[in-house]
Structures are given as C-alpha cells and as structure tokens.
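Worksheet: one structure, shown below.
The values are calculated or read from the model by the stated rules, or taken from the named source; none is laboratory data. All values reported here derive from a predicted model rather than from experimental measurement. The area values use the complete protein model at the heavy-atom level, side chains included, leaving out ligands, DNA and RNA. Shrake-Rupley method; radii C 1.70, N 1.55, O 1.52, S 1.80 Å.
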Amino acid sequence: MEDASPPTPGCNKPHLEKLTLGITRILESSPGVTEVTIIEKAPAERHMISSWEQKNNCMMPEDMKNFYLMTNGFHMTWSVKLDEHIIPLGNMAINSISKLNELNQSSMYSLPNAPTLADLEDDTYEASDDQPEKPHFDSRSVIFELDSCNGNGKVCLVYKTGKPALSQDTEIWFLDRALYWHFLTDTFTAYYRLLITHLGLPQWQYAFTSYGISPQAKQWFSLYKPIAYNTDLLAGETDSFMNKLDPSKVFKTKNKTVIPKKKGPVQPASGQKGPSAPSASKPSSSSANPIRK
C-alpha cells in the first residue's frame, strides 16, 4: 500500500520546493489561480525498484530511479476562480511504482479471437530525421504507462528493444486517443521538465502532435503559458481566430475608471500679443498722399 500524505497546499517544505522547481510560487502569483496542492508521497525503497525490474525484466533508467527514491509518484493540481466558481485546471501526475504497469496487450473485447493492440500494427510508418521510429504494440517494444492524462491519451515509458530491456533504450512517447504515437523526449528528466513548464495545462501533450491542441485549450495556454506553446504552429493559423486574453484585465476588480476631461483650445492671455495678422485698417494719409516737392 502506498504511503501518501494528505494534499499539501502550496509548497512549504524544502524537498517539495526542489521537486517542483519552484513552480508553486509562480502559480500562486498568477491571476485567478487558487488551490495549488501537492499530494506528498514518501520516497520509494530500493527493493521496490528491484522488484519492479525483476517482475518486468526491464532495467529502470537511472534518472527515473533517482526520482522514485525522492518520491514514489507525483501529483500536483491547481484551479482557477471564475465568477465565484472554482474550476479544476492544472494536473501534473506521474504514476507510482505500483501503478507503473505495462500497457495492456490483452484482447480489447471479452470475446474469443478478439483483436489486440498488436493487431493495430502498421509497418508502413518509417522513421525520419525529425521523428524516431515509433513504438510497436507487439513484442518489439515494452511500454509502461506514466500518466493517463485525464483520459486525453497516455504518456508512456517505452523500451525500444523488447525484453530483456536495457535502461539506455528508453524514450518517452505520447499515445493519443486514436492510438497514434507522438515522440516527446529521450529521457525521463527531460519529460519531467516539460510537465512542469507546461503547468499541467489540459491537453498540453497535444502541442507535440501535428494537429495541436483544441481551441478551448489554446485559450488557457494564451492566458497562463503562451511561451510554452509551439509558436510555429500558431504562425500557420493566421486565418483562425484566437482571443488573446490579458490576465491583469480578466481578473481585475471592477473599479470606476476616472476619465480625464478634454481641454479646450488655449486662449491667449490679455495683454499678450497674438500672432501678427495683416492690418485691415485704412492706410494713413501720409502713406496714401506723399508730399510733393
């Protein structure tokens, strides 16, 4: 049974501050953000890691071992307050060792001769310069679920060489709901940084796919983390409408704005000469009738 403490509001403990890279302070200072909580979990013991490796015939990557020796899993959430309603928004999660299970390869239906994930294999896909070879559902790859992504897909630890699997042959991939693979990172550490910098925003993993995130998720990205979004994808969508929100204005209290009165044209003070203008008076007699000699 996992040893999990109650959710900790904010992040006051030094080891939690180190684990979250100080992201809690950034969230708590963001407009409208509330209920930033971390479910504190005790570190895993080394025999738990050894048991997992023996059971699955896979060597766990060293950086992933160090993570579990610090905390047996990770779960951090935060919400936003809109019109007096609390809306759960951010969710950052990494499964504990006990839930780091191999992706189910059994029958998809409880019928004889039902199809399995291995039947979905399509070997027409070839690796390219910017995309490595995709994982396989059959015995060529060993796949473990790191995060269920709230039903939006699965982030997986993939061993590319099958069993027995070595730690240096791992990659982190995203499996979307249509069962297409999308490469994320080479290492667990790099993936953890992606998870933190994207603040666990909904569907952030889809920013690494060819079709991108949904319009609703784009609004949250624009509001809370526009830098994390792939700006190259946005550049190609000039015809689509995207509302860019300003957090300082969205969550601003309704204070009456003082509108300055418009000033009229400045009148010259009395006694001051205005701009010279041609005289409309009748010319003097001296200038009109010169004296004849």
Which far-off residues, 5 or more places away or on another chain, put their amide H under 5 Å from the one on residue 71, with H placed in the peptide plane? 44
Roughly how many percent of the accessible protein surface of region 142-217 is carbon and sulfur, given a 1.4 Å probe and a whole-percent answer? 52 percent
Multiply the residue gap between residue 186 and residue 62 by 0.36 nm, knock off their C-alpha separation, and tell me the result in nm, one decimal place. 43.3 nm
Report, in listed order, any pair from 99/163; 65/218; 55/154; 99/134 with a Cα-Cα distance greater than 27 Å. 65/218
